[in-house]
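See structure below.
The values are calculated or read from the model by the stated rules, or taken from the named source; none is laboratory data. Given the structure is predicted, the values throughout are model-derived calculations rather than measurements. Note: ideal-geometry Cβ built from the backbone for every residue, glycine included; neighbour counts use all protein chains shown.
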Amino acid sequence: MNDGFASVVSTPDYEAKMLYGIKITRPCRINESAVIYNTQKGGDHYEEISSADYNLFAYGGWRYGVYVLSLSNCRTKIDKLNEAIKREEVREPKRQKYKESILKQLDTAHTRYLKIEEKLNQIKSINHGTSQE
């Protein structure tokens, strides 16, 4: 759990870090496993990731898993925002400020997606022994 960029969200009961909406917790008690949550899913409570998602972390490590899940979260958000734009375009009366708000959120999500994608590609190039110059 050594990641200087991740936010520390520990309590007396567990050590935890969060990065791009993915939270890893490790209980302070010995013999208890770490648990990873996707904070972007589950509504009012954090949802533990699936076994397939745990395999991402086992395969590529903490940052790789975080980036892959974060890209998936971004794609989901972008899809929802695009659907909201489509609904707003056929709605009467038009709500211009609402549509502008959605477009701003869409731009933010797209920018975040590109930033995370670039970081994931850097990890992939390092792991495959190639450089992007």
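Taking residue 63 as the residue in question, decide whether it is touching a residue at least 60 places away in the same chain (Cβ under 8 Å) and closer than 23 Å to residue 109 by Cβ.
Working: touching a residue at least 60 places away in the same chain (Cβ under 8 Å): yes; closer than 23 Å to residue 109 by Cβ: yes.
Answer is yes for this residue.
Quickly run through the range 35-51 and pick out the residues that are free of Cβ contacts under 8 Å to residues at least 12 places away in the same chain and in a loop (DSSP other than H, G, I, E, B).
Those that are free of Cβ contacts under 8 Å to residues at least 12 places away in the same chain and in a loop (DSSP other than H, G, I, E, B): 42, 43, 44, 45, 50.
If I filter the range 60-79 for residues that are modelled with pLDDT under 95, closer than 19 Å to residue 6 by Cβ and surrounded by fewer than 17 Cβ atoms within 10 Å (Cβ to Cβ), do I get at least one hit?
yes
Report whether or not residue 125 is of a type outside the set (Asp, Glu) and out of contact with any strand residue (DSSP E or B) (no Cβ under 8 Å at 6 or more places or on another chain).
yes
Are any of the residues in the range 12-28 part of a helix (DSSP H, G or I), modelled with pLDDT under 95 and over 13 Å from the mean Cα position of the chain (by Cα)?
Initially, the range 12-28 is screened for residues part of a helix (DSSP H, G or I), giving none.
Among the residues of the range 12-28, not one is part of a helix (DSSP H, G or I), modelled with pLDDT under 95 and over 13 Å from the mean Cα position of the chain (by Cα), which makes the answer no.
Given the conditions (1) at pLDDT 95 or above; (2) among the aliphatic types (A, V, I, L, M); (3) surrounded by 12 or more Cβ atoms within 10 Å (Cβ to Cβ), report the number of the one that residue 85 does not fulfil.
The one condition residue 85 does not meet is (1).
Tell me which of these residue 32 doesn't satisfy, since it passes every other one: (1) under 30 Å from residue 11 (Cα atoms); (2) at pLDDT below 95; (3) within 18 Å of the chain's Cα centre (by Cα).
Unmet condition: (3).
Which number in (1) closer than 25 Å to residue 49 by Cβ; (2) loosely packed, with under 12 Cβ neighbours inside 10 Å marks the one condition that residue 108 misses?
Unmet condition: (2).
Looking at residue 90 and the list (1) in contact with a strand residue (DSSP E or B) (Cβ under 8 Å, 6 or more places away or on another chain); (2) exposed (fewer than 11 other Cβ atoms within 10 Å of the Cβ), which single condition is not satisfied?
Of everything listed in (1) in contact with a strand residue (DSSP E or B) (Cβ under 8 Å, 6 or more places away or on another chain); (2) exposed (fewer than 11 other Cβ atoms within 10 Å of the Cβ), residue 90 misses just condition (1).
Would you be able to tell me the number of residues in the range 76-96 that are more than 15 Å from residue 22 (Cβ to Cβ) and part of a helix (DSSP H, G or I)?
Initial filter on the range 76-96 (more than 15 Å from residue 22 (Cβ to Cβ)): 78-96.
From what is left, the residues that are part of a helix (DSSP H, G or I) are 78-90, 96.
Summing the residues that are more than 15 Å from residue 22 (Cβ to Cβ) and part of a helix (DSSP H, G or I) in the range 76-96 gives 14.
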